[in-house]
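What follows is a single structure, written as structure tokens, with notes after it.
The values are calculated or read from the model by the stated rules, or taken from the named source; none is laboratory data. Values in this document were obtained by computation on a predicted structure and should not be read as measured data. All Cβ positions, glycine included, derive from the backbone under ideal geometry; neighbour counts span all protein chains shown. Note: areas computed on protein heavy atoms with side chains; ligands, DNA, RNA excluded. Shrake-Rupley method; radii C 1.70, N 1.55, O 1.52, S 1.80 Å.
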Amino acid sequence: MITQVPNPILEVHDLTVSYDQQPVLWNVDLSLPAGQLIGILGPNGAGKSTLIKSIMGLIPPTSGYIKIFNKALQEVRTRISYVPQRESVDWNFPASVLDVVVMGTYGKLGLFRRPGKKEVQIAQEALEQVGMTAFVTRQISELSGGQQQRVFIARALAQQADLYLMDEPFAGVDMATETAIFQLLQDMARTGKTVLVVHHDIHSAMNFFEWVIMLNLHLVASGPKDQVMTEELLRKTYGGKLNLLTQVTDLIRKQDFNPLKS
Amino acid sequence: MEDFLYFFTFQDPSITWVVLGIMLLGIGSAYVGTFSFLDKKALLGDAISHAVLPGICLGFVLAGEKDPRYIVTGAFLSGALATFLSSWLKQHTKLSEDSITASILSVFFGIGIVALTAIQKSGNPEVAGLNSFIFGNAIGIAEADLFLYGGLSMAILLVLSLFLKEFRLMVFDPGFGKAIGFPMKGIRFVFNVLLILAVVIGIQAIGVVLMAALLITPGAAARFWTDRLQPLLLLAAFFSILSGILGTYVSFVLPQMPTGPWVVVFLSLIALLSFIFSPKSGIIRRFLARRNYLRKTHKDHLMKALFKAKEAHKERLTLEEIHALYPFHKKEITHSLQELTTQGLVLQDSQGIRLSTQGNSDAMRIVRLHRLWELYLNESMNIAPDHVHESAEQMEHLLTPELEAQLEQRLNYPTLDPHQETIPRDTP
């Protein structure tokens, strides 16, 4: 059940990705409409983060390509905003909440230019949107998990992009915060932004996403929520390991070279 | 004393130069080292500083004398080779980072020592000064060398201030940096060049063996005092300059003393003092916090005893009666009694000890917190009534007024705890 759209904001064409020659995503081929809140669902190790990271160009594809706004990534980087997983950084780093959110403006600033008043203004507005104004000068190690997550989302907002890619932004976030952030993301989608979220909770996915991508090493489904959130597709996504595919993966890993590399 | 005055009044221009050189060197290495400390790559600096020794020897052999230009170039190249090798090995082998760093350090240093010994046996009269590269000799720096070392320090500072934002990103979130299109590999390369340069300019004054200390210790010590990057860098530079000057002074006063070890002694002293006196995580601070907490618990216990006696319609208790309740803390209870009396929470007269009006209200709060917590554990966490007392004994000293309000609301202002005792409240 894969729905392709005309004039997609993001096109993933036959993408295969490997880590150390072990394929973690097989031939993902999908296109996404603009202005929607889109969820990426799948079990642990299904390749959800890998998909986001390849879109951001952080992992080189083994084969296939990605087009964003019908262009190559390098041409449109400043229009894309990225929220990495919270655990990917050391929160003991000596920085305030504002310092981290201002990093969101670095992309448009470019190399060597120092952030000024305008950038601080943008960062403060972003913090207001996620309800963290009271924590502007707080040291980041003193924040709770949910607050750290909101700081990361604020940093993404400060990037002032059109496409937002978020890797597990709700990990370690309480229910009230999750709902508040989801509402913020819905508002963003309503103003024409496209928001792509890696998510693990099927229940809240039902409530908030308009479009859903289901992954389990390969693309199970991509389409409007009502059409893809079916029992059969969910079982296909979460129903155990794909035994044969896992065996092939192991076989490839044991080769002396990567046969999938084009 | 004469030496002290002579040194610190800078009558001797050569001393002025040396101190100036040490200051520049200290700032440069502290800045670079602080980033490398935050990046958790402290060992790499150590490996590089040991790895420059073969390059120093090579420079000496090629120049036939102690020409700083040859030595600096040789040291830089050999440090660069070590850095390159360590990242190449990391990419192309399955060895862990620490084993790679340790191997690079020992292999390069071993080759360096072999070369140094060979040069010493060769009978070249210029060889005497070469030993100072092992442990450093700041006083031995000639004025001409200083321009080279100082110039390189200035270059490091300049590049660092230009790359401040980029290095911050490199340490905190390199993945994000890559995602916004910054050339993170290039930035890491520039940083590695600065790291090698910082080592190279320190070898004459501090020596290859201890240079890593000048890189890492200032930042590590400064981290005890601040949570912001800019103050951290400034403080690290200050610590570095301070110990640099003191170390140079000692090696000036005591002629046979190498500079490096003394700089490290002063640096370690600063780090130790930071560890003890840091206002946030120092051991004195933690000791005081613990002592204050214990004192509070004893006072709370005493007030609780008086309140419970009152519940049993006994207005006063004697000191002996209270001691009997807490037989292991007699001394602390007596001390608490004095404090509570001066605070006006407890009144003493010939018949015994009783709570004042304010004391009664405070004691009631402690008992209320205890019983609220017991009820919460019992009702919300399904813990049996005979298992809740221990936890409540701790929580009664900790719960804040905000949490108390939340507990009250959650439990809907209960009247009885799980042991059917009244949860006391002030009647308005």
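Below, the figures for the structure above:
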quantity: Helices (runs of 4 or more DSSP H) (entirely within the stretch B:1-68) containing at least 2 residues that are closer than 25 Å to residue B:151 by Cβ and without any contact (Cβ under 8 Å) to a residue 12 or more places away in the chain; calculated: B:13-38
quantity: Flag if residue B:310 is away from chain A (no Cβ under 14 Å), surrounded by fewer than 19 Cβ atoms within 10 Å (Cβ to Cβ) and modelled with pLDDT under 90; calculated: yes
quantity: Flag for residue B:405 being open to solvent by less than 80 Å² (accessible area, probe 1.4 Å) and more than 24 Å from residue B:305 (Cβ to Cβ); calculated: yes
quantity: Long-range neighbours under 6 Å by Cβ, at least six apart or interchain, first residue within 20 Å of residue B:385 (Cβ to Cβ) and in a loop (DSSP other than H, G, I, E, B) within the stretch B:400-424, second among the aromatic types (Phe, Trp, Tyr) and open to solvent by less than 20 Å² (accessible area, probe 1.4 Å); calculated: none
quantity: Unique match (being of a type in the set (S, T, N, Q), within 13 Å of another protein chain (Cβ to nearest Cβ) and out of contact with any Pro (no Cβ under 8 Å at 6 or more places or on another chain)) among A:63, A:49; calculated: A:49
quantity: Some residue of the stretch B:149-171 being closer than 29 Å to residue A:95 by Cα, of a type outside the set (A, V, I, L, M) and surrounded by fewer than 18 Cβ atoms within 10 Å (Cβ to Cβ); calculated: yes
quantity: Sole residue being modelled with pLDDT of 90 or more, part of a helix (DSSP H, G or I) and in contact with a Pro (Cβ under 7 Å, 6 or more places away or on another chain), chosen from B:78, B:86; calculated: B:78
quantity: Qualifying residue in the stretch A:175-188 (condition: surrounded by fewer than 12 Cβ atoms within 10 Å (Cβ to Cβ) and over 28 Å from residue A:9 (Cα atoms)); calculated: yes
quantity: Residues (touching a residue at least 60 places away in the same chain (Cβ under 8 Å), β-branched (Val, Ile, Thr) and touching a helix residue (DSSP H, G or I) at 6+ places or on another chain (Cβ under 9 Å)) located in the stretch A:35-83; calculated: A:38, A:40, A:55, A:68, A:78, A:80, A:83
quantity: For residue B:219: the one exception among (1) open to solvent by 20 Å² or more (accessible area, probe 1.4 Å); (2) within 30 Å of residue B:284 (Cα to Cα); (3) assigned to a helix (DSSP H, G or I); calculated: (1)
quantity: Every residue from the stretch A:116-147 that is within 12 Å of another protein chain (Cβ to nearest Cβ) and either under 23 Å from residue A:163 (Cβ atoms) or among the small types (Gly, Ala, Ser) (or both); calculated: A:116, A:119, A:141
quantity: Helices (runs of 4 or more DSSP H) contained in the stretch A:32-141 and holding at least 3 residues open to solvent by less than 70 Å² (accessible area, probe 1.4 Å); calculated: A:48-55, A:97-102, A:106-109, A:117-129
quantity: Of all residues making up the stretch B:169-213, the number that are within 13 Å of chain A (Cβ to nearest Cβ) and either assigned to a helix (DSSP H, G or I) or of a type in the set (D, E, K, R) (or both); calculated: 16
